[in-house]
1. Amide H neighbours of LEU178 under 5 Å, counting only residues 5+ apart in sequence or on other chains, H built in-plane at 1.01 Å?
2. What number comes out for accessible area per residue over the chain if the probe is 1.4 Å? Units Å², please.
3. Report the antiparallel proportion of the DSSP beta bridges in the chain as a percent, rounded to a multiple of 5.
4. Suppose R0 equals 25 Å; then what is the FRET efficiency for LEU800 and ILE851 from their Cβ-Cβ distance, rounded to the nearest 0.05?
5. From the phi of every residue in the stretch 839-853, what ³J(HN,Hα) in whole Hz does the Karplus formula 6.51 cos²θ - 1.76 cosθ + 1.60 yield, where θ is phi - 60° and glycine or proline is x?
6. If each of HIS267 and HIS752 carries a label point 7 Å out from its Cα toward its Cβ, how far apart are those two points in nm?
7. Could you tell me the extents of the stretch 656-806's C-alpha atoms along the three principal axes, largest first, rounded to whole Å?
8. How much FRET efficiency would the formula 1/(1 + (r/R0)^6) give for LYS507 and GLU339, where r is the Cβ-Cβ distance and R0 is 35 Å, rounded to 0.05?
Amino acid sequence: MKFHTSSLNDVTAGLKSSPHGISGAEAALRIGQYGRNELLEKKKTPPWLLFLLQFKDFMILILAIAAILAIFLGDITDSIIILVILLVNATVGFILEFRAGKSMEALRKMTTITTQVIRDGKISTLSSVELVPGDKVILEAGNVVPADIRLSEAKALRIDESSLTGESHPIDKSIEPLKDPELSPGDQLNMAFKGTLITNGRGEGFVVATGMNTELGKIAGMLDEKEPFTPLQQRLNKFGKKLSFIILAICALIVILGLLRGEDAFHLILLSISLAVAAIPESLPALITVALAGGSVRLARKKALVKKLPAVETLGSVTYICSDKTGTLTQNKMRVVNEFAVEELPSLGEWPFLHAAMALNQDVVAKKENSLTGESTEIALVEAMLLAHSFEEFESLQSTFQRVGELPFDSERKCMSTVHSYPDNKFLLITKGASESIHHTLNNEAVKEQLKTMSEDWATSGIRVLAYAYKVLDQKPEIKEADDLEKDMHFAGLVGMVDPARIEVKKAIEECKAAGITIVMITGDHPATAEYIAREIGIMDESGLLLTGAELAELSDDGFLAQVERTLVYARVSPAQKLRIIRALQSREHFVAMTGDGVNDAPSLKAANIGIAMGINGTDVSKEAAHLILLDDNFATIVKAVKEGRRIFDNIRKFVKYVLTCNSAELLTILVAPILGMPIPLLPIQILWINLVTDGLPALALAREKAEVGSMKRPPFPASESLFSRGAGIHIVWVGMLMAGVTLATQAWALHEGTAHWQTMVFTVLSLSQLGHVLAIRSNTTFLFKQGLLSNKALIAAVLLTFFLQMGVVYLPFMNTLFKTQALPVFDLGICLVLSLVVFHAVEFEKWIKIRFFPQLAH
């Protein structure tokens, strides 16, 4: 059936639906027939293949081949141990990737779009995945169209179909059947397609296709996009490749030096491959994915939903937060506190004209007196009317003066107009909006001046001003453009409202300022109202500037750049100007977070380094464009997200430092020992054991470390800053050299004393030194015992488990056989424990030096 050529009666008959939609019971049957309304994701890697892919690394393959060759050469024990360790290593890698995938899958489920649907004759809000063909759906400006829909009602409805057709301009929609059955989707004016964006007006329609049967689903079926790496993972991959070449060169050098000393060639090759596997930090990308996914889950618990994983790693770099006022900095609970009505207004029955205008020009759904849903400003207007008039009177007014046309609110005009039936076959036009917008519609200069003066007086007291105008028309107007309709009107009056600041916002702004983050308020409100609120909550200070949209429009790019860093409040700005503000700040090398909730905010949310959409009042379009969604629309939640972002980035730096320091120590130990005339200190299986157990478990637990003390009292990290800046690279080098030095000193002493178990002592000192290191780098600024041993229970558990496993390798007879170790006498074990503490105390001393002499490196 060609729905775009069919009449609405034929459409409802063909879908076995009705003007009131279908029943819930019928919908349940149809979802079994048609499936859920969702696009099939790219084919997931099955768990068994994900496990096998852990062996694709070149070094792992070489080591596995070497272990198999060793079996044929008679060294069965070593081969089996190496293969077992490789198997365990692959299992750990598999678990990391599997968990990361599950975390991201859970997050995706939390971003499901909701839609209004009529079932059983009632309006209800459902997840879009539950829609079925035959459902009747309500569409409003800001929604993403949830399925392919044949329109049955279209009031000033415009849809941006660029994502589907490439057409850059929104398309005006109608409901009339079309003649040509071969029209392309872009020419089907009575259809709305899944994934397109409603930019204006309202509409209703019947779902005709869902999921992969939609036009969007047909396109999606041709695609199979790979999830891109985050920027941090890309940097680490590049670093890993360079490091691999260096390590391979060092391994070749070890083989050459060993051959010159007359050592067994096969043993040297096996050793060098084992060392390469241990030294190359192939686990870092997986560890980082787990850290980011874990951070995303924690943020979701704090009412901040991460949509795009890279946002987590970059939250800590934010230098500017550009925030909406209403609902984000304020409570979004408007209440009417002031009214002014012009004298000699027309009569609307028992209602004063201004009260009637407030009751008629609004889109609140009022099922009963205490059940109002809609936009907060309009709810406040209706609540005020219901205090002055009964609910029955309110319903009677609406039925007497029925709405017959409308021009919905948009952010450019900043007003809304409705047309109502009026006595003597005439029509009443009511317009409400910002006082400046109503100012342009009036036909009397004296009245214009009165409106301007009163609005400014109210605004300086923090009162938000709404103005009303009207005119009576002899015939029903053709509603096309606002300029044609909203002119030569009469002033009706003003309504003043307040929206108190959120209680927790002032403290959050103080925290941001201490963290080196500048807060900028961007609002469509009157400049005086905006400045009053900004000063009340601590955004505006004596040196700060306020710009209106009109003033911004007059500024040249150079003129704006000269003052953008001093401008703290923008009032009466358009969404297009938000984009200009972002670009100007970014050109000054700032990292900008921007909040938005409307359709027209989508470009600025995409352009911002971190786009933040409102989860409660935000449109589907803004949520789709954003990196982060605030589930409670609260500014304080943004601050929590920034704090979590700094914590995550700090912890990533910590386990990068830890893993690379340990790897460099292992590499130096193996390389330097033969140069100093000593035998190679570790066997291949001992190196692999250290790489698997001592490196892996503590590094993973570091990702759960709490935020650094004072993390929100320091400037943000520049987004481009290397992981090895602020002394991290120096730390890796000097601690790696110290750890290797202590290990080699242990070997030299044990050989000098003629101790037969010297290799076990070397193995133990290197393993336990790494545990001391991980305890010391838990914080960059706080000493371990001041920080508290149990503040990261996962890390302490990992350290204790690793310690006891190492003791098992030393003292359990079957482990002695497998790892070529010997039980250590108490005295020698004591020496190992004391030497292992050297690295711990050295790194703690490093903290003291940094705090005392290099505070800029302490973070």
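The values are calculated or read from the model by the stated rules, or taken from the named source; none is laboratory data. Please read these numbers as outputs of a predicted model, since none were measured by experiment. Ideal geometry is used to build each Cβ from the backbone, glycine not excepted, and the neighbour counts take in all protein chains shown. Ligands, DNA and RNA are excluded from the accessible area calculation, which covers all protein heavy atoms including side chains. Shrake-Rupley method; radii C 1.70, N 1.55, O 1.52, S 1.80 Å.
1. Distant-sequence amide H within range of LEU178: THR5, SER6.
2. Per residue, the chain has an accessible area of 44 Å².
3. On the way: 70 of 94 bridges.
DSSP beta bridges in the chain are roughly 75 percent antiparallel.
4. Rounded to the nearest 0.05, the efficiency is 0.30.
5. Each residue's phi maps through the Karplus curve to give 5, 4, 5, 5, 6, 5, 5, 4, 4, 4, 5, 5, 5, 7, 10 Hz.
6. Each label point lies 7 Å from its Cα, and together they span 2.5 nm.
7. Projected onto its principal axes, the Cα set of the stretch 656-806 covers 54, 32, 25 Å.
8. For R0 = 35 Å, the calculated efficiency reads 0.55.
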